[in-house]
Amino acid sequence: MPDTISTAIEVTESERKTRIDLAAAFRLVDLYGWSDMLATHLSARIPGPNEHFLINPVGTLFEEMTASGLVKVDIDGNILSESEFGINPAGYTIHSAVHMGRKDAGCVMHTHTAAGLGVATQKSGLLPLTQMALAVIAQTSYHSYEGPAFDLGERDRLIEDLSSNNVLILRNHGLLTVGKTVAEAFVWMFRAERACRFQLSFQQAGAPAQEISKAVQDISIERSKKAISASGHRPIGQFEWPALLRKLNRENPGYDE
């Protein structure tokens with residue numbers, strides 16, 4: 001059954017839910033201090049046979065994003081919904097790459113944060129120095145910087161580098177996460193951002209590292225994979241998302257309009 005988010009847009013139930021979750025993610029990204037004014041992008045695939053996804057319009061701050069304000073595009077970049085704003089071509093390049101190459105990626109998030117850039121510009125990347133880093137490293141790969149992402153030819157290289165992982169460190173650029181749902185992608189971003197922040201905190205101290213042995217690294221990675229799997233005690237995003245929505249409803253409601 002079609003459902004109306006606002007008087008301006010009529011959508012199916014599955015698209016309505018996707019729009020609401022993605023709009024909530026934008027506001028949560030801002031709430032956690034990860035937004036970059038009008039830069040960076042979040043996107044979500046609309047369930048169904050068509051390769052359509054939602055992405056943010058250029059001109060709307062993350063803190064004011066609404067479900068009806070998101071722009072629907074197809075895999076070729078054609079805008080399929082009415083909007084007074086267009087979309088950023090670099091955002092289309094990056095997000096269409098993942099939606100084309102990873103059919104399981106229901107949501108893609110990309111940020112430019114101090115912590116993410118702080119690690120993305122380090123030659124060694126994310127270091128295996130904390131429990132939090134090890135959980136992220138198990139799902140992380142790297143993509144070399146090629147300049148602003150206006151070249152559609154970069155899409156093949158980006159998806160090849162991401163492979164089956166859920167976290168991609170864009171060297172000299174920022175962080176990218178994917179998930180089957182908006183909830184999964186958001187919690188992966190939370191974990192990646194936190195791991196980067198902890199690394200920078202340690203590095204600023206200037207103290208010698210208490211390194212973790214390779215054997216314990218391997219054990220930690222395997223235990224983390226188990227804990228956040230569908231059969232684990234904390235499937236990623238499953239318990240966090242309802243709590244995050246409650247937080248958002250208290251602090252910045254209206255995203256579902």
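The values are calculated or read from the model by the stated rules, or taken from the named source; none is laboratory data. This structure is a prediction, so every number in the text was calculated from the model and none was measured. So basically every Cβ, Gly included, is an ideal-geometry build from the backbone, and we count neighbours across all protein chains shown. Side chains are part of the model used for accessible areas, which takes the heavy atoms of the whole protein and leaves out ligands, DNA and RNA. Shrake-Rupley method; radii C 1.70, N 1.55, O 1.52, S 1.80 Å.
When you restrict to C-alpha pairs under 8 Å that are six or more residues apart and normalise by the size of the chain, the relative contact order lands at 21 percent. Length gained on full extension, residue 51 to residue 225: 59.7 nm, using 0.36 nm per residue less the C-alpha separation. Per residue of the chain, the DSSP helices (runs of n ≥ 4 H) give a summed -39500 (n - 2.57) that works out to -13000 deg cm²/dmol at 222 nm. Evaluating 6.51 cos²θ - 1.76 cosθ + 1.60 at θ = phi - 60° for every residue in the range 201-209, the Karplus couplings come out as 4, 5, 5, 5, 5, x, 8, x, 7 Hz, glycine and proline recorded as x. Solvent-accessible area per residue in the range 148-257 equals 55 Å², computed with a 1.4 angstrom probe and all protein chains kept.
Residues whose amide H lies under 5 Å from that of residue 179, counting only those 5 or more places away or on a different chain, are 106, 107, 185; hydrogens are built 1.01 Å from N in the peptide plane.
Ellipsoid semi-axes for the chain, based on the Cα gyration tensor and the rule √(5λ), read 31, 20, 17 Å when sorted largest first. Between residue 12 and 3, the built amide H atoms are under 5 Å apart, and every one of these is 5 or more places off in sequence or on another chain.
Between the alpha-carbon centres of the range 44-89 and the range 150-209 there is a gap of 23 Å. Amide H contacts under 5 Å for residue 142: 169, restricted to partners 5 or more places along the chain or on a different chain, H placed in the peptide plane at 1.01 Å from N.
Rounded to whole numbers, the Karplus 3J(HN,Hα) couplings from phi for the range 145-160 are 6, 10, x, x, 7, 9, 8, 5, x, 6, 4, 4, 5, 5, 6, 5 Hz, using 6.51 cos²θ - 1.76 cosθ + 1.60 with θ = phi - 60°, and x at Gly and Pro. The translational diffusion coefficient of the range 7-101, from Stokes-Einstein at 4 °C and 1.567 mPa s with a Kirkwood hydrodynamic radius over alpha carbon pairs, comes to 98 µm²/s.
Treating the range 165-257 as a set of equal point scatterers at the Cα positions, no solvent, please give the Debye-formula log₁₀ I(q)/I(0) at q = 0.15, 0.17, 0.24 Å⁻¹. These q points yield log10 I(q)/I(0) values of -0.81, -0.98, -1.29. Remark: the range 30-123 carries 40 Å² of accessible area per residue (probe radius 1.4 Å; ligands, DNA and RNA excluded). What's the local net charge at residue 85, with K and R +1, D and E -1, over the other residues with C-beta under 14 Å away? That sum, taken over residues with Cβ under 14 Å, equals -2. Exposure here means at most 13 other Cβ atoms within 10 Å; with trypsin sites (Lys or Arg not before Pro) in a DSSP loop as sites, the longest stretch of the chain lacking them is 124-257.
Here r is the Cβ-Cβ distance between residue 12 and residue 131 and R0 is 45 Å; the resulting FRET efficiency, rounded to 0.05, is 0.60. The apolar share of the surface of the range 151-192, taken as the fraction of accessible area on carbon and sulfur atoms (1.4 Å probe, ligands and nucleic acids excluded), comes to 44 percent. Taking θ as phi - 60° and the Karplus parameters 6.51, -1.76 and 1.60, the scalar couplings of the range 88-97 work out to 6, x, 5, x, 4, 4, 5, 6, 5, 4 Hz in sequence order, x denoting glycine and proline. Within the listed set 11, 71, 29, the Gaussian network model of the chain (springs between alpha-carbon atoms below 10 Å) gives the highest mean-square fluctuation for 11. Sequence-distant contacts, meaning Cα pairs under 8 Å at least 6 residues apart, place the relative contact order of the range 74-181 at 38 percent.
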